[in-house]
1. Identify, by number, the condition in (1) in a strand (DSSP E or B); (2) touching a Lys or Arg at 6+ places or on another chain (Cβ under 9 Å) that S47 doesn't meet.
2. Which residue out of R82, R142, R62, R109 is without any contact (Cβ under 8 Å) to a residue 24 or more places away in the chain, out of contact with any helix residue (DSSP H, G or I) (no Cβ under 6 Å at 6 or more places or on another chain) and on the phi < 0 side of the Ramachandran plot?
3. Scan E108, E126 and give me the residue that is farther than 29 Å from Y40 by Cα, loosely packed, with under 13 Cβ neighbours inside 10 Å and either of a type in the set (D, E) or in contact with a strand residue (DSSP E or B) (Cβ under 8 Å, 6 or more places away or on another chain) (or both).
4. Return yes when D80 is acidic (D, E), assigned to a helix (DSSP H, G or I) and over 14 Å from the mean Cα position of the chain (by Cα) and no when it is not.
Amino acid sequence: MTHPTSPRMTPAEKTQRDELLTIREMCEAFDVTPRTLRFYEAKELLSPIRRGTARLFTYRDRARLKLILRGKRFGFSLEDIRQLLDMYDREGRQQEAQLRRTYEVAAERLAQMERQRAELDEAIAELKEQMDWGAGVLAAFRKAAE
């Protein structure tokens with residue numbers, strides 16, 4: 001696929017880029033609920049076109065939702081996600097500074113996730129030890145009952 005602003009976009013890419021999706025189509029495409037989309041709209045993370053009561057989502061909304069969902073999966077706060085999304089709306093030095101900040105936030109989140117994993121690994125090892133001990137005690141009870 002070519003860059004979205006490239007004049008050499010294929011007709012299929014241009015059609016996909018220009019296509020507007022309804023709230024139902026967005027829900028199906030991203031496996032989210034209408035309530036989720038409305039929530040992100042209320043938080044100004046998405047800004048669909050309004051036609052009467054209908055919401056129509058643009059290519060930009062789809063790209064932003066993909067980033068929102070990825071950020072949520074990685075455990076980022078909505079404010080962190082907002083900063084990431086803002087990066088795509090900026091140019092030049094502002095974009096560089098925003099990217100640097102996003103990188104810092106990502107590095108902090110990764111370190112936090114690695115600490116959590118270490119804590120989980122330790123808890124799992126302790127639980128396995130307790131289960132092994134319990135299995136031994138139960139085996140001794142069975143043997144004594146024979």
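Since every read-out is calculated from the coordinates, none of them should be taken as a lab result. Since the structure is predicted, the reported quantities are computational estimates derived from the model, not experimental observations. Because the Cβ atoms are built from the backbone with ideal geometry, glycine has one as well, and the counts that use them run over all protein chains shown.
1. With respect to (1) in a strand (DSSP E or B); (2) touching a Lys or Arg at 6+ places or on another chain (Cβ under 9 Å), S47 is out only on (1).
2. Working: R82 fails: without any contact (Cβ under 8 Å) to a residue 24 or more places away in the chain; R62 fails: without any contact (Cβ under 8 Å) to a residue 24 or more places away in the chain; R109 fails: without any contact (Cβ under 8 Å) to a residue 24 or more places away in the chain.
Among R82, R142, R62, R109, only R142 is without any contact (Cβ under 8 Å) to a residue 24 or more places away in the chain, out of contact with any helix residue (DSSP H, G or I) (no Cβ under 6 Å at 6 or more places or on another chain) and on the phi < 0 side of the Ramachandran plot.
3. E126
4. Considered against the rule, which asks whether it is acidic (D, E), assigned to a helix (DSSP H, G or I) and over 14 Å from the mean Cα position of the chain (by Cα), D80 comes out as no.
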